[in-house]
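The values are calculated or read from the model by the stated rules, or taken from the named source; none is laboratory data. Because the structure is predicted, anything quoted here is derived from the model rather than measured. Glycine also receives a Cβ, built like all others from the backbone with ideal geometry; neighbour counts cover every protein chain displayed. Just the protein is used for accessible areas: all its heavy atoms, side chains included, with ligands, DNA and RNA removed. Shrake-Rupley method; radii C 1.70, N 1.55, O 1.52, S 1.80 Å.
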Amino acid sequence: MEHTTPVVIAGGGIAGMATALSLINRGVGCLIVEPEIALTAKIGETIPPNAASILARAGIDHLMVDPAHLPCYGNHFVWGSDVPYEKSFFTQINPHGWHLDRPFFEKQLRTHCISRGIGWLAGHRVTHIEQLPDRWQVSLDGEQNATVSCSFVVDATGRQARIARILGRKRKRLDALVGISAQLTVGDTMLRQNTFIEAVANGWWYAAPLSNHKLSIAYMTDNDLVDKELMNTNHFMAFAQSSTNKLISNLLKKPIACNAEEITLRPASTSMLDERTGNRWLAVGDAAYSFDPISSYGIMSALEGGYYAGHAIADTLAGHTDALLAYDVIISQAFDIYLQMHSQQYSAEQRWAGMPFWNRRKVG
């Protein structure tokens, strides 16, 4: 099976789809190659109010009106002090963010992309790419082996950055953060539509309500500090309900169900590629730069990066030789700003400065 398309996008996550939408708005055809046929379960995610302009620019703000995505009216946190603190969004231009039903949001985006005429090849993975004088030859495996001839290749494969690695690029990880997460059923218990964050001795907790009486909860720590027993349902729940967790344990006072198969361990480190662009290729989203979830910047970065990536590719194909450099400058400047905010956030917590997790994040 052979295909020909102007642009191949490896990876059908948010960054890949945002890039495709940006391309199609510029009149450039593309094909998304996605290994997964069905969407995999992912932890719910909160995006802040300032994401509204990014969603509108991508032409997908209408997706957020679905009741599957709950409004988020602020952050409730215990960080840097034993005293709980609340930051409301009501004073901002956009009075709320959103608690995303992440799998449903990606399903919405996929349907929207296909309706816009974007090619979609599910159940296939890029295994090899060869750069010829005037095009790329991309080899795929799947139910049927296939090849795709294209003018430009996009790496939207997430933290693994498969395409960049095939091309010999290296990835630098700045920490070893991981998240142990679960989705709990809270029945008819009413939870405030806030994001809940609590620093503890060797990491921090995140919790957010989702639609259908669900609560997304995650414990963030470093990979070498993970207690493997936390993958056990009873141990995880007991740890979350510990009296040392003032904010999180208060959310879990009423009867809650947790299924063992819903507990997952995923990387959440800050990391980056040594090179994000090259001759007729670029990396976007987590493949280029990945962010600590404390920043709430992952989805925003994927959407914003995809927008600029699409324009950079269209301009490059039109003969503008500086378009990829401009793209790299934009996303690298955003990453530098993130690093400053990341440092400020962690340095604000000094109660456990001598504990391994916090000691590793000392500034200077």
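Results for (1) open to solvent by less than 60 Å² (accessible area, probe 1.4 Å); (2) out of contact with any strand residue (DSSP E or B) (no Cβ under 8 Å at 6 or more places or on another chain), shown as yes or no for each residue.
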site: Asn223; (1), (2): no, no
site: Phe236; (1), (2): yes, no
site: Lys253; (1), (2): no, yes
site: Arg266; (1), (2): no, no
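Counting only residues that are in contact with a Ser or Thr (Cβ under 9 Å, 6 or more places away or on another chain) and either at positive phi or surrounded by fewer than 18 Cβ atoms within 10 Å (Cβ to Cβ) (or both), segment 69-79 holds 1 of them.
In segment 129-145, the residues that are in a loop (DSSP other than H, G, I, E, B) form Cβ pairs under 7 Å with partners that are open to solvent by 50 Å² or more (accessible area, probe 1.4 Å), at six or more places apart or across chains, as follows: Gln144/Met1. When residues in segment 96-121 are screened for being in a strand (DSSP E or B) and more than 20 Å from the chain's Cα centre (by Cα), 3 of them pass.
Keeping to segment 83-95, report how many residues are over 21 Å from Leu247 (Cα atoms) and either part of a strand (DSSP E or B) or in contact (Cβ under 8 Å) with a residue 60 or more places away in the chain (or both).
Qualifying residue count, segment 83-95: 0.
Across segment 37-60, the qualifying residues are those that are of a type in the set (A, V, I, L, M, F, W, C) and at pLDDT 75 or above, and the one among them that is nearest to Lys107 (Cα to Cα) is Ile60. When restricted to residues that are over 25 Å from the mean Cα position of the chain (by Cα) and either over 28 Å from Glu275 (Cβ atoms) or open to solvent by 60 Å² or more (accessible area, probe 1.4 Å) (or both), segment 318-361 contains 12.
Within segment 146-157, the set of residues being at pLDDT 95 or above and crowded, with 17+ Cβ neighbours inside 10 Å comprises Cys150, Ser151, Phe152, Val153, Val154, Asp155, Ala156, Thr157.
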